[in-house]
Amino acid sequence: MTEEPNTTELTVVVPCYNEAANVAPMVQRLEAALRGIAWEVVFVDDDSPDGTIREVRAIAAHDPRVRGIRRIGRRGLASAVTEGVLSSSAVHVAVIDGDLQHDETILPAMLAAVQGGAEVAVGSRHTEGGEAGSGFSASRAKVSDAGTRMAALLLPTPVGDPMSGFFLMRQSLFEAIAPNLSSRGFKILLDLLLSAKRPLRVAEVPYRFRPRVAGESKLDAAVLLEFLGLLLDKALGGWLPWRFISFAAVGLIGVGVHLAVLGLASRVPGMQFEVAQWMATLVAMTANFLLNNRITYRDSRLKGRRLLPGLLLFYLVCGIGAVANVGIAGLLVRENLAGWGLAGAAGALLTGVWNYAVSSTLVWRSR
């Protein structure tokens with residue numbers, strides 16, 4: 001029996017988390033916007049607790065154009081997009097957010113732009129005819145604007161809206177670039193543009209960014225920090241891993257916390273250095289855990305019942321480093337080799353190195 005060849009022209013990839021209420025409206029809107037085009041939609045769900053994948057399966061049961069990928073133990077928009085695109089055998093792929101804020105009616109114009117010679121068509125809020133204000137809160141606008149300014153410093157070709165999560169390109173081009181992607185964070189378009197190893201021909205199609213109807217935004221200050229890590233990763237040519245950069249940045253904050261607590265403790269009459277160092281170490285470890293859980297390991301973040309065991313495990317595996325921290329710092333003080341501040345910094349640095357070595361494999365290991 002000879003199978004019919006795949007004739008799908010366009011796969012629309014929708015990365016989603018807690019977007020159950022938006023699944024059916026998204027399919028309806030795509031159906032209206034893509035009349036006359038052979039299309040399919042792939043919802044890539046990061047095991048949403050609100051039943052997003054159930055909504056997808058219910059529609060897929062009677063509409064073969066709808067597919068769903070449920071990811072367990074993996075999280076993050078960029079990696080979700082990568083899995084969705086690599087699951088496609090269509091000629092072209094588009095990426096659109098699951099919150100209905102992107103204007104799906106411009107997809108035919110984006111497809112025409114790529115068919116006409118562009119390598120990437122970007123749904124742009126910052127080109128003539130586009131608008132972002134109505135869909136952004138003031139805080140989200142600041143995050144997006146800051147990211148756009150930073151991205152412009154590294155991009156090989158000018159793009160008005162490099163923070164856009166709405167774009168279309170040939171599937172074969174994405175697949176060629178995919179091995180170079182960091183696949184972390186939320187800004188997959190920027191990752192693609194910086195990982196292509198050459199300037200890509202970009203066409204920007206204006207659209208009006210809509211207000212969110214259901215669900216809640218995932219864009220916050222932590223996303224901007226994650227985005228900064230991506231820029232540093234690309235600026236350094238990938239030789240220093242993004243996660244290490246983020247972990248090191250959090251570690252610097254932890255050193256500041258450690259020294260601040262140590263400074264306060266030093267003013268307590270009768271306080272011994274070793275006791276103060278233990279106090280500062282515990283507070284810094286807690287701060288590092290919470291920040292790394294929020295930023296560095298955002299894609300495998302510990303939540304709910306897993307948070308406290310994760311913190312306790314973090315304390316446990318970092319105990320050896322903490323013992324060395326206090327021991328070395330105490331030795332430096334007793335031998336008059338350093339003052340409290342320098343000795344505390346040396347001990348905290350040792351703990352930070354140990355924390356990085358064990359965190360990925362024991363605390364935030366893949367599940």
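Condition check ((1) buried (at least 18 other Cβ atoms within 10 Å of the Cβ); (2) closer than 30 Å to ALA80 by Cβ; (3) at pLDDT 75 or above) across all residues:
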residue	(1), (2), (3)
THR281	yes, no, yes
THR286	no, no, yes
ASN293	yes, yes, yes
ARG306	no, yes, yes
GLY327	no, no, no
LEU331	no, no, no
ALA343	yes, no, no
>> I'd like to check something: does the stretch 172-183 contain any residue that is at pLDDT 85 or above, of a type in the set (Asp, Glu), closer than 29 Å to ASN22 by Cα and in the same structural domain as LEU34 (by TED's automatic domain parsing)?
In response: yes
> Does PRO49 qualify as being without any contact (Cβ under 8 Å) to a residue 40 or more places away in the chain and either among the small types (Gly, Ala, Ser) or more than 27 Å from ASP299 (Cβ to Cβ) (or both)?
Replying inline: no
>> Checking GLN277 against (1) at positive phi; (2) surrounded by 15 or more Cβ atoms within 10 Å (Cβ to Cβ), only one condition comes out false. Which one?
In response: (1)
> How about the stretch 93-110: which of its residues are crowded, with 21+ Cβ neighbours inside 10 Å and more than 24 Å from the chain's Cα centre (by Cα)?
Replying inline: ILE106, LEU107, MET110
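The values are calculated or read from the model by the stated rules, or taken from the named source; none is laboratory data. Small disclaimer: the values here were computed from a predicted structure and weren't measured. For neighbour counting, all protein chains shown are included, and Cβ atoms are generated from backbone atoms with ideal geometry for every residue, glycine included.
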